[in-house]
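> This is the structure I want to talk about, given as structure tokens.
The values are calculated or read from the model by the stated rules, or taken from the named source; none is laboratory data. Note that this is a predicted model, so its numbers are computed, not measured. In this analysis, Cβ positions are derived from the backbone assuming ideal geometry, glycine residues included, and neighbour counts consider all displayed protein chains.
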Amino acid sequence: MEITLTHYLLLAMVVFLTGMVGFVVRRNAIVMLMCVELMLSSVNIVFAAYSRFHGNADGHVFVLMNFAVAAAEAAIGLAILVEIYRRRRTVNVDDLKALME
Amino acid sequence: MELLNVNIPNWSDMGNWIPEAVLCVGFLVALIGDMVTRGKKPVVPFVISVFALVTAGSYAVAGLNNPGLAAGLPIMGDLVVVDGLAAFFRILFIFAGLATVLFAWTSEEIMGRKRENKGEFYALILMMTAAMMVMAEARDILMLFLSMEAVGLVSYVMAGYMRTSLRSTEASLKYVLFGAVSSAIMLYGLSLLYGMTGAMDFAGIRAALVSGPVNGFALLVVVVMIIAGMSYKIAAVPFHYWCPDIYEGAPTPVSAIFSVGPKAAGFALMIRFFYTTLAAGPDAAASVGIIHIINWPLLIAVISAVTMTYGNLVALRQSNVKRMLAYSSIAHVGYLLMGFLLLTPAGLQAILFYLLVYTLMNLGAFFFVVAINNHLKSEELDDYVGLGFRTPWAASMMVVFLASLTGIPPFAGFIGKFYLFTAVLDKEWFWLAILAALNSVVGLYYYFKVVKAMFFTTPLEGADTSPLKLHWLQYTVLAVLAIPTLVLGLYWGQFKDLADQAIAAMTVGF
């Protein structure tokens, strides 16, 4: 079987939905951050596939930038989580209710 | 664009980017200055940030007269452009940043004794201002994403600025999680748009949409996903839920700039992106259909109506002034979206003018909460009782801000709303205009609850009624915000012209 653009797009969609569902279902903040990374990775697949499809390099450049941003986001997210864990001894978002109405 | 034919940027066009460069250098110098001089008060970062903002501001104001603005001054090839729109927002952001820096200097939340890393705040404001300016200048998907993330990353850190406070760190975590998800959704939309059009720059996307056959359903999905990401930045329903929590948890000066800066930047980005890609241009026969394929006006009208109604109704039952202002800022996003309905220049001009007014009055209202929090350590409405007699000058300025937020005639907010309403009525969207008018009445109720508490409610027996003395800097900044709020309600012509010129000199590439 030949691998076509459609297969890449389907793969990306599956990865994206996995991340999305995981983000909604899981309550552990670290797992939620991992799910966001999955969603960002699926975007990379789409960009890389289309970049090849259209025959220009724009999509590849975007993928590289996206790596850097995703890493920065994860770094800040984990730093905040460490701070929260120090005070609360939990990273479960259901326990974070100081700001609920 | 072929791989070998890339427009390689050089330094010659960087001269148009002096304000951004000054802010970025200021950011680094302020950070280093903070590390070198560990004093009780972070004088060095404060002075550096004020100096950098004033310098960048004077370059930005001087740049308004640049004759090249109308044609657009490209920077780094196709990625970024300095044109009328960018020049307008540059000044707005630098003003908001400067006001926040000055006010934060007197805020106990930022400058309180227990905090060790006080100086970082001033450095971060500089970085945030620079990133917001790039948001208003981006004309390529790559730069759109990078600038939005730059603002986001700085905001996450600033929301969690009070590291020892549970509420502040919790606000920060919520901001990171929701922010990352919404930007991932937006990115997915953008990647599909890239797939549909094969172009990264806005003009190229438009050219592809206008020339080629467009699958209406695919375009609708893409546009909805992109709006999801952007409405997170501007806090429109249904992506508003982070907003009250973050505003309440973050230090109040941070909430003040969040409620103005990233929102205005989000609108700037939306204006450029959607106006370039979707609006009907001179090539009317081909392009007028684009926004009707996806029924854009109805989409925006529904988002706008739900956002303003939700914001106003929930604001009604808030007892915390900061949280109430958060919901009111959601309602104002609803009003602002009215100008977006048909992507006409008149509507966009109304948005720009309202953003100008909104910056003044909303910053003012939040700053008053900062000043009161210094003394009372509280933002509850019940503690505001009798403030009108304890600090009459500041409280009367707060009345000006609240009346302007309501949209009562002699104040600037009324003029701003007037133009937004006309933009909608011109296109005969009567139900939306009527709904917005009803919403303004609801706003009157909760804004004047604060006025009533300050001036007309008798304090309880034994309550503290001693006069409060605010810092002179606080009086100055509040006056600088209150006087234009009054004056713009009477003489708005010149400032409206400024907004009109900004839209007229927006280079969209068609």
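> What's the number of the only condition in (1) among the small types (Gly, Ala, Ser); (2) surrounded by 15 or more Cβ atoms within 10 Å (Cβ to Cβ); (3) farther than 30 Å from B:Glu170 by Cβ that A:Gly55 fails to meet?
Failing condition for A:Gly55: (2).
> In addition: Restricting to region A:53-82, and then to whatever is more than 20 Å from the chain's Cα centre (by Cα), within 24 Å of A:Leu38 (Cα to Cα) and of a type outside the set (Gly, Ala, Ser), can you tell me which residue is nearest to the other protein chains (Cβ to nearest Cβ)?
Taking the candidates together, the pick is A:Asp58.
> I'd like to verify a number: residues in region B:170-191 that are within 30 Å of A:Tyr8 (Cα to Cα) and at the interface with chain A (Cβ under 7 Å from one of its Cβ atoms), how many?
8
> State whether one or more residues within region B:360-379 are in a helix (DSSP H, G or I) and acidic (Asp, Glu).
Within region B:360-379, not a single residue is in a helix (DSSP H, G or I) and acidic (Asp, Glu).
> Let me ask you something else. From B:Arg167, B:Arg139, which residue is in contact (Cβ under 8 Å) with a residue 40 or more places away in the chain and facing another protein chain (nearest Cβ under 9 Å)?
B:Arg167
> Looking at B:Phe95, B:Phe145, can you tell me which residue is aromatic (Phe, Trp, Tyr), farther than 26 Å from A:Glu83 by Cβ, part of a helix (DSSP H, G or I) and touching a residue at least 60 places away in the same chain (Cβ under 8 Å)?
That would be B:Phe95, the only listed residue that is aromatic (Phe, Trp, Tyr), farther than 26 Å from A:Glu83 by Cβ, part of a helix (DSSP H, G or I) and touching a residue at least 60 places away in the same chain (Cβ under 8 Å).
> Oh, and also: Identify, from the list B:Gly347, B:Gly334, B:Gly311, the residue that is in a helix (DSSP H, G or I), small (Gly, Ala, Ser) and not assigned by TED's automatic domain parsing to the domain that holds B:Thr406.
Testing whether each residue is in a helix (DSSP H, G or I), small (Gly, Ala, Ser) and not assigned by TED's automatic domain parsing to the domain that holds B:Thr406 leaves just B:Gly311.
> Given the structure, is B:Ser328 over 23 Å from B:Leu470 (Cα atoms) and of a type in the set (S, T, N, Q)?
Here the answer is yes, as B:Ser328 does meet what is asked.
> What single numbered condition from (1) more than 18 Å from the chain's Cα centre (by Cα); (2) facing chain B (nearest Cβ under 8 Å) fails to hold for A:Val91?
The failed condition is (2).
> Is it the case that region B:84-97 has a residue that's among the β-branched types (Val, Ile, Thr), modelled with pLDDT of 90 or more and surrounded by 24 or more Cβ atoms within 10 Å (Cβ to Cβ)?
Checked against the condition, which is being among the β-branched types (Val, Ile, Thr), modelled with pLDDT of 90 or more and surrounded by 24 or more Cβ atoms within 10 Å (Cβ to Cβ), region B:84-97 yields at least one hit.
> Name the pairs whose Cβ atoms lie under 9 Å apart, with the first residue in region A:5-26 and under 13 Å from A:Leu40 (Cα atoms), the second surrounded by 15 or more Cβ atoms within 10 Å (Cβ to Cβ) and basic (Lys, Arg), and 6 or more positions between them or separate chains?
From region A:5-26, no pairs qualify.
> Hey, which of the helices (runs of 4 or more DSSP H) in region B:215-304, taking only ones fully inside, have at least 2 residues that are charged (D, E, K, R) and within 20 Å of B:Ala150 (Cβ to Cβ)?
Result: B:252-278.
> Going by the conditions given, is B:Val134 out of contact with any Ser or Thr (no Cβ under 9 Å at 6 or more places or on another chain), aliphatic (A, V, I, L, M) and crowded, with 23+ Cβ neighbours inside 10 Å?
The answer is no for B:Val134.
Quick grid of which residues meet (1) touching a residue at least 60 places away in the same chain (Cβ under 8 Å); (2) surrounded by 24 or more Cβ atoms within 10 Å (Cβ to Cβ); (3) away from chain A (no Cβ under 14 Å); (4) not acidic (Asp, Glu):
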{"residue": "B:Met196", "(1), (2), (3), (4)": "no, no, no, yes"}
{"residue": "B:Ile226", "(1), (2), (3), (4)": "no, yes, no, yes"}
{"residue": "B:Ala256", "(1), (2), (3), (4)": "yes, yes, yes, yes"}
{"residue": "B:Ser259", "(1), (2), (3), (4)": "yes, yes, yes, yes"}
{"residue": "B:Ala264", "(1), (2), (3), (4)": "yes, yes, yes, yes"}
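> Still on this structure, I have one more. Looking at B:Val450, B:Val399, can you tell me which residue is among the β-branched types (Val, Ile, Thr), crowded, with 22+ Cβ neighbours inside 10 Å and assigned by TED's automatic domain parsing to the domain that holds B:Val321?
Of the residues listed, the single one that is among the β-branched types (Val, Ile, Thr), crowded, with 22+ Cβ neighbours inside 10 Å and assigned by TED's automatic domain parsing to the domain that holds B:Val321 is B:Val450.
> When both residues are 6+ apart or on different chains and their Cβ atoms are under 7 Å apart, which pairs have a first residue that lies in region B:431-457 and is within 17 Å of B:Tyr327 (Cα to Cα), and a second that is of a type in the set (Phe, Trp, Tyr)?
Hits for this filter: B:Ala436/B:Tyr335; B:Ala436/B:Phe421; B:Val450/B:Tyr384.
> Oh, and also: From the set of residues in region B:392-411 that are touching a helix residue (DSSP H, G or I) at 6+ places or on another chain (Cβ under 8 Å) and in a loop (DSSP other than H, G, I, E, B), which is nearest to B:Ser329 (Cα to Cα)?
Filtering first and then ranking leaves B:Gly407.
> On to the next question. Provide a single number: the residues in region A:13-52 that are more than 7 Å from every other protein chain (Cβ to nearest Cβ), crowded, with 16+ Cβ neighbours inside 10 Å and more than 14 Å from the chain's Cα centre (by Cα).
3
> For B:Gly416, indicate whether it is among the small types (Gly, Ala, Ser), crowded, with 17+ Cβ neighbours inside 10 Å, in a loop (DSSP other than H, G, I, E, B) and on the phi < 0 side of the Ramachandran plot.
When the stated conditions are applied, B:Gly416 does not pass them.
> Quick one: in region B:198-220, which of the residues that are more than 29 Å from B:Met76 (Cβ to Cβ) and more than 13 Å from chain A (Cβ to nearest Cβ) is farthest from the chain's Cα centre (by Cα)?
B:Pro213
> Right, something else. Go through (1) assigned to a loop (DSSP other than H, G, I, E, B); (2) surrounded by 19 or more Cβ atoms within 10 Å (Cβ to Cβ) and name the single condition A:Ile3 misses.
(2)
> Among the residues in region A:26-40, are any of a type in the set (Lys, Arg) and outside any loop (DSSP other than H, G, I, E, B)?
no
> Just to be sure, is B:Val157 of a type outside the set (Gly, Ala, Ser) and in contact (Cβ under 8 Å) with a residue 60 or more places away in the chain?
No: the conditions fail for B:Val157.
> Among the numbered criteria (1) of a type in the set (Gly, Ala, Ser); (2) exposed (fewer than 14 other Cβ atoms within 10 Å of the Cβ); (3) within 28 Å of B:Trp472 (Cα to Cα); (4) at pLDDT 85 or above, which one does B:Ala62 miss?
(3)
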